[in-house]
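**Q** Supplied in structure tokens, the structure appears directly below.
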Amino acid sequence: MFLCLPTLLLAQVDMDENWQRLWEEWVEQTDQESIPDEVIELIEDCRLHPINLNDTTNDRLLMLPFLSQFQREALHDYIVMNGPLFSLAELEVINGFDSRTIRMLSPLVYVGEMPSGKLPSLKTLLTKGHGNLVVGGKRTLERARGYYDSIYRGDPYRTYFRYHYQFGETLQLQLSGEKDAGEAFAFEDGQAGFDHYAGYLALNNIGRMSRLVVGNYYLQFGQGLTLWNGFSPWITETYQHRLATGIRPAGGMSEYGMQRGAATTIKVCRKLELSTFYSHNSLDATLPRNGTETQVQSLYQSGYHRTKTEYQKRNLLTEQLFGADLRWNGRYLNAGMVGYHSLYSKEIIPQDQYYNKFSFRGNQNSVGGIYASYLLNRWLLFGEASLSDRNDLLQDRDSTLPLSAIVGVQLILDGTTRLSLSYRHYSPTYQNLHGSAIGENSSNANEQGVLFALQSQLFWGIKIDATANLYQFPMPKYGVFYPSHGQYGRISLSKDFNRHLNLHLQYRNKGKEQNVSLSSVDTSLFTLDPHLYTLESTSRQQLQLRLNYLPNDRLTLSTRADYSWHNGDYHTTTRGILLLQDVSYHDDNCRHPFSLTGRAAAFCIGSYDARIYAMESDLLYEFASLALQGRGLRTYLLARVDLSEHWTLSAKYGLVLYSDRDIIGSGYELIPHNHKQEIKIQLRLRF
């Protein structure tokens with residue numbers, strides 16, 4: 001009866017079902033309820049300014065997280081042998097391009113003539129490009145405790161603007177500003193209106209200079225072990241080998257995770273590139289309780305400055321980072337070396353806890369590494385090794401060398417079967433605040449593991465996608481005071497009955513060990529102090545069934561059912577169920593093209609441990625994946641209309657209604673109601 005609700009919730013089709021599955025896998029693995037800004041910006045930027053597939057030298061293809069080195073090489077070889085593509089339909093005959101990849105590529109690419117290579121005049125750069133201005137805001141209608149008690153410095157509105165100008169691939173300019181709900185729009189204490197500003201100027205392919213970025217940027221080299229900022233998916237796709245983009249402008253509204261300064265890449269010769277970078281960035285930090293003004297305890301990365309205490313953490317620490325990368329881009333061999341040195345204005349002294357024994361401490365650090373990949377027919381071998389500075393406090397004979405490494409291999413058997421295997425060994429003493437390679441830990445230290453992935457096609461056109469990740473932590477870590485281990489497994493089956501009907505079945509199992517207080521168990525079994533901890537083996541499993549149906553080119557229906565359960569050695573099993581219905585409709589042929597997106601979902605989930613993530617469509621440059629728990633209903637309606645050729649108006653209303661509680665949230669975000677409503681509105685100008 002629920003799936004046949006008469007309420008017609010119409011929707012836009014902005015987020016392909018394959019994209020939705022990819023993002024849900026990512027948030028499930030990272031336990032984050034939002035997609036990083038730079039990923040959203042990348043996808044939307046490609047929608048506005050599609051990539052020319054005939055330009056195989058365009059490094060924007062490297063940024064797409066679902067393309068592999070094999071596919072890029074296969075595309076390059078096809079164009080060399082047969083000439084430029086005439087239509088996207090030709091991708092179907094290129095080895096390695098399956099229907100799923102083509103569907104995800106379609107809205108982001110086009111087939112056109114090769115760029116002339118001539119540098120346009122300055123007047124042309126500044127007047128003949130394309131501009132995009134987005135302004136918007138959102139608020140929760142119910143007021144939280146932070147507003148009732150006048151604890152928050154500002155109003156409950158999140159407001160922002162984002163201006164982007166682009167001339168082909170040559171020039172990009174962006175400026176954005178934002179304040180979160182609860183933050184003040186003020187001109188005092190060093191704040192100039194919005195709480196956070198970001199921007200950059202990027203120039204590409206000017207003589208020997210491949211790229212120059214002034215402002216905010218990301219650094220991505222090798223496999224991410226030595227230096228990698230920004231989005232770093234690994235478990236969401238079969239391909240574990242990363243296609244590093246080097247220097248990339250950072251235009252998102254995130255307040256951490258990027259560099260701020262200047263960076264450039266120079267072509268030394270045809271296949272040799274040198275990248276240099278310098279960053280001077282202000283970071284939020286937490287002061288130690290009994291420390292001095294020359295010390296900080298940890299980095300504060302939430303980005304919120306709503307209360308007086310949160311605002312006092314703002315820009316407490318300054319980081320200077322400089323380094324270089326030298327890499328060889330061959331036809332089959334790619335190799336390089338990268339290193340950087342960072343200086344901090346204050347000494348970082350983490351909290352004195354047993355699990356912090358090997359955490360970074362000090363006011364400077366150096367990290368260097370080498371990486372390589374070799375493509376041989378259907379085989380791709382890759383790896384990276386990285387060495388960090390040995391901390392003065394760790395100069396004892398028992399400490400291990402601060403070296404971390406990862407090696408892997410990928411194999412394409414045919415157009416539908418792909419295998420991937422990697423091994424990682426990260427030393428407990430390795431210290432790097434700017435790395436993000438494959439791993440389950442929050443940093444690339446204190447971990448050993450093996451990751452296997454398979455993608456193939458079975459009988460009757462059924463596609464299989466499976467992942468297995470086995471890992472262990474040799475030393476204690478946050479929340480686990482003993483050596484521990486864990487595993488993650490995923491297997492999904494999908495079947496395209498025709499272009500209108502798709503069925504997807506997926507099973508996930510994530511097991512790990514975690515602390516459990518003896519006081520929460522049966523203390524009569526123990527003679528130890530009940531405040532001590534022991535390890536508990538836990539497992540969270542989830543089964544998902546999804547049916548997508550497209551009756552016509554305008555209407556899309558998506559039905560989903562999830563069942564999850566969580567159990568542990570000392571806890572009873574908790575279960576959860578989610579029933580979800582999406583209906584989408586768009587009309588691009590009327591006077592004012594419009595689209596509507598909606599959802600009705602019912603959930604009954606026993607605890608946060610059995611939580612279920614549900615990705616939602618959202619406004620431009622925004623996506624969210626709610627971690628549902630408790631018992632209630634979730635619904636939203638998203639509308640978009642093109643007022644004219646240049647103006648677009650979008651709005652979203654969301655409601656979550658609980659039947660098992662009278663309050664929502666905790667602390668300053670506590671809402672004294674069993675419902676929570678959110679309204680978002682956005683206006684966009686294209687010129």
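**Q** Leaving out ligands, DNA and RNA, and with a 1.4 Å probe, what % of the accessible surface on the chain is carbon or sulfur?
**A** Whole-percent figure for carbon plus sulfur exposure: 58.
**Q** What trypsin sites (Lys or Arg not before Pro) in segment 155-241 are in a loop by DSSP, with at most 14 other Cβ atoms within 10 Å of the Cβ? Don't skip to the answer; put the middle values down first.
**A** Values: sites: R158, R162, K179, R208, R211; in loops: R208.
Answer in residue order: R208.
**Q** Give the relative contact order (percent, whole number) for segment 572-687; include only Cα pairs under 8 Å separated by 6+ residues.
**A** Rounded, it is 21 percent for segment 572-687.
**Q** Still on this model: Which residue, L649, G207, L683, has the largest displacement toward the positive end of the dipole of the chain when charges sit on each Cβ (Lys, Arg +1; Asp, Glu -1)?
**A** G207
**Q** For segment 610-687, how big is Rg over Rh, using alpha carbon atoms and the Kirkwood form of Rh?
**A** Ratio of gyration radius to Kirkwood radius: 1.08.
**Q** Could you provide, to the nearest whole Å², the per residue accessible area of the chain with probe 1.4 Å?
**A** 46 Å²
**Q** Moving on. May I ask for the net charge around H425, where only other residues with Cβ less than 15 Å from the Cβ of H425 are counted and Lys, Arg are +1 while Asp, Glu are -1?
**A** Working: positive: R424; negative: E384, E440, E447.
Around H425, the surrounding residues sum to -2.
**Q** Separate question: Which whole-number percent gives the relative contact order of the chain, counting Cα pairs below 8 Å spaced six or more residues apart? Walk me through the intermediate numbers first.
**A** Working: 1748 pairs, mean separation 83.5, N = 687.
Once divided by the residue count of the chain, the mean separation gives 12 percent.
**Q** Can you give me the relative contact order of segment 150-307 as a percent, contacts being Cα pairs under 8 Å and 6 or more apart?
**A** 20 percent
**Q** Karplus couplings for segment 641-649 from phi (6.51 cos²θ - 1.76 cosθ + 1.60, θ = phi - 60°), rounded to Hz, Gly and Pro as x?
**A** 9, 8, 5, 7, 5, 10, 10, 10, 10
**Q** Going down the table (K463/K510; K495/K652; K128/K267), which pairs top 30 Å between alpha carbons?
**A** Beyond 30 Å between Cα atoms: K495/K652.
**Q** Which shape class applies to the chain: rounded if a/c is under 1.5, otherwise prolate when a/b exceeds b/c and oblate if not, where a ≥ b ≥ c are the square roots of the Cα gyration tensor eigenvalues?
**A** Rounded is the answer for the chain, as its axis ratio a/c remains below 1.5.
**Q** Still on this structure, I have one more. Do any chymotrypsin sites (Phe, Trp or Tyr not before Pro) in segment 336-435 lie in a loop, going by DSSP, with at most 11 other beta-carbon atoms within 10 Å of their beta carbon, and if so which? Don't skip to the answer; put the middle values down first.
**A** On the way: sites: Y340, Y344, Y354, Y355, F358, F360, Y371, Y374, W379, F382, Y423, Y426, Y430; in loops: F358, F360, Y430.
Qualifying residues, ordered by number: none.
**Q** What number comes out for the charge environment of A602, summing +1 per Lys or Arg and -1 per Asp or Glu over other residues with Cβ under 10 Å away?
**A** Working: positive: R631, R634; negative: none.
Taking every Cβ under 10 Å from that of A602, the sum is +2.
**Q** Viscosity 1.567 mPa s, temperature 4 °C: what is the translational diffusion coefficient of segment 242-339 from Stokes-Einstein with a Kirkwood Rh over Cα pairs, rounded to a whole number of µm²/s? Let's see the in-between values first.
**A** Details: Rh = 16.1 Å.
Result for D is 80 µm²/s.
**Q** Here is a follow-up. Can you give me the solvent accessible area of K652 with a 1.4 Å probe, rounded to the nearest 10 Å²?
**A** Approximately 10 Å² for this residue.
**Q** Between I349, L316, S359, whose Cα lies farthest towards the positive end of the dipole of segment 303-409 when Lys and Arg beta carbons carry +1 and Asp and Glu beta carbons carry -1, centred on the Cα centre?
**A** Positive-most Cα among the choices belongs to L316.
**Q** With each run of n ≥ 4 DSSP H residues scored as -39500 (n - 2.57), what mean residue ellipticity at 222 nm is computed for the chain after dividing by its residue count and rounding to the nearest 500 deg cm²/dmol? All intermediate terms of the calculation are to be shown ahead of the outcome.
**A** On the way: 8 runs with 66 residues, N = 687.
Value at 222 nm, helices only, nearest 500: -2500 deg cm²/dmol.
**Q** Give me the orientation-averaged projected area of the Cα convex hull of segment 159-310, in nm², one decimal. Write down the numbers at each step before the final one.
**A** On the way: hull surface 49.3 nm².
Spelled out: convex hull of the Cα atoms, projected over all directions, averaged, 12.3 nm².
**Q** State, to one decimal in nm², a quarter of the convex hull surface area for the C-alpha atoms of segment 282-363, i.e. the direction-averaged projected area.
**A** If you wrap the Cα atoms of segment 282-363 in a convex hull and average its projections, you get 8.0 nm².
**Q** Where nothing but the Cβ of Lys and Arg (+1) and of Asp and Glu (-1) is charged, how large is the charge dipole of the chain around its Cα centre, in debye to the nearest 20?
**A** Dipole of the chain, to the nearest 20 debye: 840 debye.
**Q** Can you pull a Stokes-Einstein diffusion coefficient for segment 543-687 at 25 °C (0.890 mPa s), Rh from Kirkwood over Cα pairs, as a whole number of µm²/s?
**A** Working: Rh = 17.2 Å.
In µm²/s, the coefficient is 143.
The values are calculated or read from the model by the stated rules, or taken from the named source; none is laboratory data. Everything numeric in this text was worked out from a predicted model, so none of it was measured. Cβ atoms come from the backbone with ideal geometry, glycine included; neighbour counts cover every protein chain shown. Areas reflect the complete protein model, heavy atoms only, side chains present, ligands, DNA and RNA absent. Shrake-Rupley method; radii C 1.70, N 1.55, O 1.52, S 1.80 Å.
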